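Have a look at the structure below before the remarks.
The values are calculated or read from the model by the stated rules, or taken from the named source; none is laboratory data. Just so we're clear, the structure is a prediction, and the values are computed from it rather than from any experiment. Cβ placement follows ideal geometry from the backbone for every residue including glycine, while neighbour counts extend to all protein chains displayed.
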Amino acid sequence: MPFITGSRAADLALLALLAALVLLLAPRVRVYYEVPGWAKERSTTDTKER
Amino acid sequence: MSVARRIDRFLFAPVDAWSVGVFRVALVLVVALAFWEDRALPGFLARTHWAPGLWDAVFRTPAWWAACLLALAAVGAGVGGRLGFVAAFGLLLPLAFARSAASRQILLTVWVCAGLLGARPAQGALPIWPIRLVQLQLSTVYAVNVWAKLTPEFLRGDVLVGLSRAMPNFRVDLSEGHLALGPLAVPVWLCAVGTVAVEAALAVGFWLPRLRWATAALGVTFHLGLKLVLTIGWLDWTCMLLYLAFLLPFERPAPGADRR
């Protein structure tokens, strides 16, 4: 089995770190659906992207 | 095959170098276009909340952009190995902290994963797990959206109606309770439920090998259709780029087997 760092343990540690980052970033795209009625309260300049 | 061995194979199977190369070039193109678009944003959107002066003086200058493009071109051409990825990452990172930069942050995470596999695909065997992370990223984005939309307000269509009234990035007005598709008037609640159903299918479908291409076709149709209704920056193209993580043959065929 090939490894990026040279060892399985270090690869798994790096994988866990990056998986945490992935899971941390994904919810950022949902912000515009969270609160019903939010649209009237928020600045319209925040909506170029989800 | 034991569970441990299956997990081992899922994470540490050798990755296919050709697929890594194709993905790298596609990623460079989407990253370049997504970040380049930032130049067109008004200053107040493009800046971050911290040190706005630094943004105008450094990060949004032609020199900075030239450096970014140079680094991206080097990675795209396979020059510089992982160092090229690191240099481009360092240059792009400040730009990913502007407001409304969620898709750029996702792209940079994918950039890190691609960088782990190096810029030169012929450097020898590397494990497939960075690609698994990209796959996880795609499914998580859809799953999070489904979870966030599973509210009575959204499923009734109330949120969509409110958004279409208030948000400048909506191209349609749903105030009358329907979306006009030519002669058809599709009820807003059906649009809302349909969106959730499609995104749920996209979160799961890619993991089922037999459904991968059908899921990709559904996703492309969904995102292109979405572009007719509202503008959401580069998230659409980012998601469609990530489809490649499932569609390209990243799992290297076993020795002696022909590539289909």
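When residue A:14 is tested against (1) within 7 Å of chain B (Cβ to nearest Cβ); (2) at pLDDT 50 or above, only condition (1) is not met.
Only residues that are at the interface with another protein chain (Cβ under 7 Å from one of its Cβ atoms) and modelled with pLDDT of 80 or more: list them for region B:86-112, please. If the condition is that a residue be at the interface with another protein chain (Cβ under 7 Å from one of its Cβ atoms) and modelled with pLDDT of 80 or more, then B:103, B:105, B:106, B:109, B:112 are the ones that fit.
Of the residues B:221, B:215, only one is within 20 Å of residue B:143 (Cα to Cα), surrounded by 12 or more Cβ atoms within 10 Å (Cβ to Cβ) and of a type in the set (Ser, Thr, Tyr); which? Give the derivation first.
Working: B:221 fails: surrounded by 12 or more Cβ atoms within 10 Å (Cβ to Cβ).
One residue alone meets the criteria, B:215.
Go through region A:17-50 and give me each residue that's modelled with pLDDT of 50 or more and more than 7 Å from chain B (Cβ to nearest Cβ). Passing the criteria: A:17, A:20, A:24, A:32.
Can you pull out the helices (runs of 4 or more DSSP H) entirely within region B:145-260 that have at least 3 residues that are within 18 Å of the chain's Cα centre (by Cα)? Please lay out each step first, then the result.
Details: elements: B:152-156, B:158-166, B:188-205, B:212-229, B:235-242, B:244-247.
Hits in region B:145-260: B:188-205, B:212-229, B:235-242, B:244-247.
The listed residues are B:238, B:231, B:215, B:195, and the only one of them that is polar (S, T, N, Q), under 29 Å from residue B:108 (Cβ atoms) and away from chain A (no Cβ under 14 Å) turns out to be B:215.
Selection of region B:64-115 for residues being of a type in the set (Ser, Thr, Tyr) and out of contact with any Cys (no Cβ under 9 Å at 6 or more places or on another chain) yields B:100, B:109.
For the condition away from chain A (no Cβ under 14 Å), modelled with pLDDT of 90 or more and in contact with a helix residue (DSSP H, G or I) (Cβ under 8 Å, 6 or more places away or on another chain), residue B:15 does not qualify.
Could you please give the count of residues in region B:145-176 that are among the charged types (D, E, K, R) and at the interface with another protein chain (Cβ under 9 Å from one of its Cβ atoms)? Spell out the reasoning first.
First, the residues of region B:145-176 that are among the charged types (D, E, K, R): B:149, B:153, B:156, B:158, B:165, B:171, B:173, B:176.
Pick out the ones that are also at the interface with another protein chain (Cβ under 9 Å from one of its Cβ atoms) and you get B:149, B:153, B:158, B:165.
Number of matching residues: 4.
Determine which member of the set B:83, B:133 is part of a helix (DSSP H, G or I), among the aliphatic types (A, V, I, L, M) and facing chain A (nearest Cβ under 9 Å).
Details: B:83 fails: facing chain A (nearest Cβ under 9 Å).
Result: B:133 is the single residue among B:83, B:133 that is part of a helix (DSSP H, G or I), among the aliphatic types (A, V, I, L, M) and facing chain A (nearest Cβ under 9 Å).
Per this entry, residue B:180 is not counted among residues that are surrounded by 18 or more Cβ atoms within 10 Å (Cβ to Cβ), out of contact with any Cys (no Cβ under 9 Å at 6 or more places or on another chain) and more than 8 Å from chain A (Cβ to nearest Cβ).
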